[in-house]
Amino acid sequence: MATVEYKNIAKSFGHVEVMKDISFGIADREFVVLLGPSGCGKTTLLRMTAGLERVTNGDLLIGDRRVNDVHPRDRDIAMVFQNYALYPTMKVFDNIGFSLEVAKVPKAEIRKKVEWAAEILNLTPYLGRYPKELSGGQRQRVAMGRAMVRNAAVFLFDEPLSNLDAKLRTHMRVEIRQLHNRLGTTTIYVTHDQIEAMTMADKIVLMHAGRIMQIGTPDEVYERPNSKYVADFIGSPSMNFIAGAVETAGGAPRFVAEGVSIGLSPEIKAKPGQKVIMGVRPNDLGISDAGEIKGEVVLSETTGADVQIHLRVAGYDAVAVVPRDERRSAGATISLSVLPGKVHLFDAATELRVA
Ligand code: ATP
């Protein structure tokens, strides 16, 4: 069983502690994405899993074996690097089969495995080429082929798509996910790209400054971010935030700020007078005559099917995404309403979600 478990993992470089108290588990066959901004520690956590970096404190388990002191080679993992790390002087066939050659696997078996991987990855016509004769996407697939032939229990991916152009990235995202559906190998995938995380992960581990901010399915982190930080990090364009307070005058609770007054679901456990930050996603705003948020259009950007309307709302900048036929010109005053149930509230002091 290829589970992975982190128990109170801490990591220091010299005297600088960059990570502490990291605890979570990865189930067999799960595709987990470590997501976070540059410097949050996701690569370090991946490298500790691979054995390329020592764990300072805590226990790291692969299956039911503690692997803190196990050599990378003996951890039953295969890693795909950002720069693919292909051998330039070896043809694709030998690049894919290299680890098996080193392990003295019989030639016939190597051939079988390399051909199997090449078939799945659509690399069969390229087995006789050198890496420099391949496109970026093909090189990426060779790197995946190398991981596949090793029968590893866990695949580790370190930002594997960051050197590809946008279109190819989208394509490879689908390919990696399909490969996972087919092979079912437990996967840990590092990225700073929230779209990659949202589209690929079974479970997202969102990190910030060496800590875990939230663990959840893509739907959970998108629909119920547990802090303003997570709410801001996930979703594009980013969530709008307006600082205000909860008022209960007249019975039903409302979020009130300058130019804004929105009825809240009675289930929201905000205290009367509590200072909060309201968050609403651009896609959860619609233009409506009776809208609760009034603003002036600064700019409309057509992105395709949709229009991003940039607004000024009582001193705040806000963005609404609406269908292209609802485009408005700069200078127009519009009112927006929030789709039912789509208001997020965060305590102004702690920035944690008000449930
Ligand atoms: P990026 O996306 O930029 O690679 P990351 O989230 O993967 O960022 P890490 O590379 O894991 O972040 O780095 C986490 C922290 O550890 C950073 O503050 C970084 O400066 C520090 N760090 C990483 N490697 C070393 C090292 N070898 N020596 C000292 N500090 C390090």
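Computed quantities for the displayed model
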| read-out | value |
| --- | --- |
| Filter result for L52 (within 23 Å of V174 (Cβ to Cβ) and assigned to a loop (DSSP other than H, G, I, E, B)) | no |
| Test: residue in the range 100-114 that is closer than 22 Å to E159 by Cα and in contact with a helix residue (DSSP H, G or I) (Cβ under 7 Å, 6 or more places away or on another chain) | no |
| Qualifying residue in the range 43-59 (condition: away from the ligand (no atom under 16 Å from the Cβ) and either in contact with a helix residue (DSSP H, G or I) (Cβ under 9 Å, 6 or more places away or on another chain) or of a type in the set (S, T, Y) (or both)) | no |
| Of residues in the range 1-25 being of a type in the set (A, V, I, L, M) and not in a strand (DSSP E or B), the one farthest from L156 (Cα to Cα) | M1 |
| Any hit, the range 193-200, residues being touching a residue at least 40 places away in the same chain (Cβ under 8 Å), in contact with a Cys (Cβ under 8 Å, 6 or more places away or on another chain) and within 16 Å of the ligand (Cβ to nearest atom) | no |
| Residue within the range 163-171 that is within 16 Å of the ligand (Cβ to nearest atom) and either touching a His at 6+ places or on another chain (Cβ under 8 Å) or among the polar types (S, T, N, Q) (or both) present | yes |
| A166 vs. criteria without any contact (Cβ under 8 Å) to a residue 60 or more places away in the chain and of a type in the set (G, A, S) | yes |
| Out of L35, L45, L60, L52, sole residue that is over 19 Å from the mean Cα position of the chain (by Cα) and in contact (Cβ under 8 Å) with a residue 40 or more places away in the chain | L60 |
| Yes/no for K113 being in contact with a Pro (Cβ under 8 Å, 6 or more places away or on another chain), part of a helix (DSSP H, G or I) and either among the polar types (S, T, N, Q) or modelled with pLDDT under 95 (or both) | no |
| Residue in the range 326-349 that is touching a residue at least 12 places away in the same chain (Cβ under 8 Å), surrounded by 14 or more Cβ atoms within 10 Å (Cβ to Cβ) and touching a His at 6+ places or on another chain (Cβ under 9 Å) present | no |
| In the range 21-40, the residues that are within 12 Å of the ligand (Cβ to nearest atom) and surrounded by fewer than 22 Cβ atoms within 10 Å (Cβ to Cβ) | P37, S38, G39 |
| Helices (runs of 4 or more DSSP H) enclosed by the range 126-240 - at least 2 residues per element that are modelled with pLDDT of 95 or more and charged (D, E, K, R) | 218-223, 228-233 |
| Filter pass, D59 being part of a strand (DSSP E or B) and more than 19 Å from F155 (Cα to Cα) | yes |
| Search result, residues across the range 259-287 that are in a loop (DSSP other than H, G, I, E, B) and either surrounded by fewer than 13 Cβ atoms within 10 Å (Cβ to Cβ) or of a type in the set (K, R) (or both) | S265, P266, E267, K269, K271, P272, G273, R281 |
| Among residues of the range 6-20, those that are of a type in the set (D, E, K, R) and buried (at least 17 other Cβ atoms within 10 Å of the Cβ), counted | 1 |
| Subset tally (residues that are small (G, A, S) and part of a strand (DSSP E or B)) for the range 292-313 | 2 |
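For every residue, the table says whether it meets (1) in contact with a Ser or Thr (Cβ under 8 Å, 6 or more places away or on another chain); (2) under 23 Å from T187 (Cβ atoms).
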| residue | (1), (2) |
| --- | --- |
| L134 | no, no |
| V149 | yes, yes |
| P160 | no, yes |
| D165 | no, no |
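The values are calculated or read from the model by the stated rules, or taken from the named source; none is laboratory data. Everything numeric in this text was worked out from a predicted model, so none of it was measured. Reconstructed Cβ throughout: ideal geometry from the backbone, glycine too, with neighbour counts over all protein chains shown.
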